[in-house]
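One structure below.
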Amino acid sequence: MKEVLAVVLAGGKGSRLGPLTRDRAKPAVPFGGIYRIVDFTLSNCLNSGVRRILVLTQYKAMSLDRHITLGWRNYLCRELGEFIDVVPPQQRIDEQWYQGTADAVYQNIYTLEQERPRHVVILAGDHIYKMDYERMLKQHVEQRADVTIGCLEMPRAESSGFGIMHVDDDGVVLSFLEKPADPPPMPGKPDTSLASMGIYVFDSKFLFDELRRDANDPNSSHDFGKDLIPYLVKNGRAVAHQFSTSCVRSDDDPRAYWRDVGTVDAYWAANIDLTDVLPELDLYDRAWPIWTHAEITPPAKFVHDEDERRGQAVTSLVSGGCIISGAALRRSLLFTGVHVNSYANVENAVVMPYVNVGRRARLKNVVIDRGVRIPEGLVVGEDPELDAKRFRTTPDGITLITQPMIDRLDA
């Protein structure tokens, strides 16, 4: 694993997750109480033994850069050849912004070559999962693949937004379709498709040669999923790696957890799922920890013990620095430093850091952005038509609240 270089693609706009990505990159969006989305990919790298990491950024990368600079570099030792570097667009080769995922790596090919890796692992920085990349690398070497593609089985009805593969009995990819409107099923599984995770393993020299070839192709959009991978399926040896064989689970849990939290509904659901008695994603697994830059905060505090004014939380996660002052939480996740005032009721809520919920507010099925000040008596989640007029509501009935939306209430 010392000969592996990881390249984390963290430059997407994350437009489907707006307005949570209005001022931050999608990988920098808070998740799970104290983490950022990118922490899961970076933790997989460290836990797998990958300790040379480049994070390629582009849009609204300041918060992501700050997060990695403050916390992640402390886990690695530059003197031992370990590093995690945030690499913004440098226009070293082209004066344009990155045209696609393959172009993003190609424009940094000089930096990659300087590290002289034997293998390069291409990773997405905006998914929630736990995976041992070493198992995927071993398969790549054993099967003498040109490229090994991480993949997972998913319901056919939900797979039109992914690259879909057809493989033979040895796992060799026979065909690859990027985001087909009618995803083809797996053999023998008519309701299931085999979807690409956007994770690729290459021998470094082969990758560099293919990036240069693709860069000189005027008909290419210079994207791994749209151009490079389909080309290699036809002209090389592409092998599928089943996520189920390298997914890190807790104890004997048979479930393989992977989430794309690219929409507000998916983001809310993935966070709320963590409040389950036995959630599919185990944040308490000390054998495969999720690392992050965590603020030093006092413990969470619950105060008042009177009828209708009792600080309490049921089936909820409450992070450090929170004060639940005579309020009630149910099936909710609170990030750092949230203050919920007396007589408030919060249910099915994802509340980002340093939110203040005013007295007698009633909030249900909501995502509240960082630093929002909820006015006293505000009611959300009981009148869908009224909620849609004041805030952003989703197809699944989740209401997203940001401070500009609150400010407009008083305008």
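The values are calculated or read from the model by the stated rules, or taken from the named source; none is laboratory data. Just so you know, these numbers come straight off a predicted model, no measurement behind them. Backbone-built Cβ (ideal geometry, glycine too); neighbour counts: all protein chains shown. Surface accessibility is based on the protein's heavy atoms, side chains included, excluding ligands, DNA and RNA. Shrake-Rupley method; radii C 1.70, N 1.55, O 1.52, S 1.80 Å.
Considering region 181-201 alone, what residues qualify as being among the hydroxyl-bearing types (S, T, Y) and touching a residue at least 60 places away in the same chain (Cβ under 8 Å)?
Y200
Could you list, in sequence order, the residues of region 47-64 that are under 17 Å from the mean Cα position of the chain (by Cα), open to solvent by less than 10 Å² (accessible area, probe 1.4 Å) and among the polar types (S, T, N, Q)?
Result: T57, single match.
In region 34-71, which residues are in contact with a helix residue (DSSP H, G or I) (Cβ under 9 Å, 6 or more places away or on another chain), β-branched (V, I, T) and assigned to a helix (DSSP H, G or I)?
Once the filter is applied, which keeps residues that are in contact with a helix residue (DSSP H, G or I) (Cβ under 9 Å, 6 or more places away or on another chain), β-branched (V, I, T) and assigned to a helix (DSSP H, G or I), region 34-71 yields V38, T41, I68.
Read through the list (1) farther than 20 Å from M352 by Cα; (2) over 18 Å from the mean Cα position of the chain (by Cα), then give the number of the only condition that V248 fails.
Here V248 meets the rest and fails (2).
Could you list all residues from region 356-411 that are assigned to a loop (DSSP other than H, G, I, E, B), of a type outside the set (A, V, I, L, M) and in contact with a helix residue (DSSP H, G or I) (Cβ under 9 Å, 6 or more places away or on another chain)?
Selection gives D369, R370, G371, P375, G381, F391, T394, P395, D396, G397.
Among the residues of region 320-355, what is the count of those that are more than 16 Å from D273 (Cα to Cα), of a type outside the set (A, V, I, L, M) and in a loop (DSSP other than H, G, I, E, B)?
Selection size over region 320-355: 11.
Please tell me if V367 is in contact (Cβ under 8 Å) with a residue 40 or more places away in the chain and hydrophobic (A, V, I, L, M, F, W, C). If you could, list the steps in order and put the result at the bottom.
Numbers: in contact (Cβ under 8 Å) with a residue 40 or more places away in the chain: yes; hydrophobic (A, V, I, L, M, F, W, C): yes.
Considered against the rule, which asks whether it is in contact (Cβ under 8 Å) with a residue 40 or more places away in the chain and hydrophobic (A, V, I, L, M, F, W, C), V367 comes out as yes.
Which one is nearest to the chain's Cα centre (by Cα), of the residues in region 283-314 that are open to solvent by 40 Å² or more (accessible area, probe 1.4 Å) and touching a residue at least 40 places away in the same chain (Cβ under 8 Å)?
The qualifying residue nearest to the chain's Cα centre (by Cα) is W291.
Please work out which residue is most open to solvent (accessible area, probe 1.4 Å), limiting yourself to region 371-394 and to residues that are among the aliphatic types (A, V, I, L, M) and more than 26 Å from C322 (Cα to Cα).
Here is the first cut: in region 371-394, the residues among the aliphatic types (A, V, I, L, M) are 372, 374, 378-380, 386, 388.
Restricting the remaining residues to those that are more than 26 Å from C322 (Cα to Cα) gives 386, 388.
Numbers: L386: 74, A388: 54 Å².
In this case the residue turns out to be L386.
So which pairs qualify, if the first residue must be in region 226-246 and open to solvent by 10 Å² or more (accessible area, probe 1.4 Å), the second must be in a helix (DSSP H, G or I) and acidic (D, E), the Cβ gap must be under 9 Å, and the two must be at least 6 apart or on different chains?
D227/D214; Y231/E210; Y231/D214; G236/E210
Looking at region 255-292, which of its residues are in contact with a helix residue (DSSP H, G or I) (Cβ under 9 Å, 6 or more places away or on another chain), among the charged types (D, E, K, R) and assigned to a loop (DSSP other than H, G, I, E, B)?
E280
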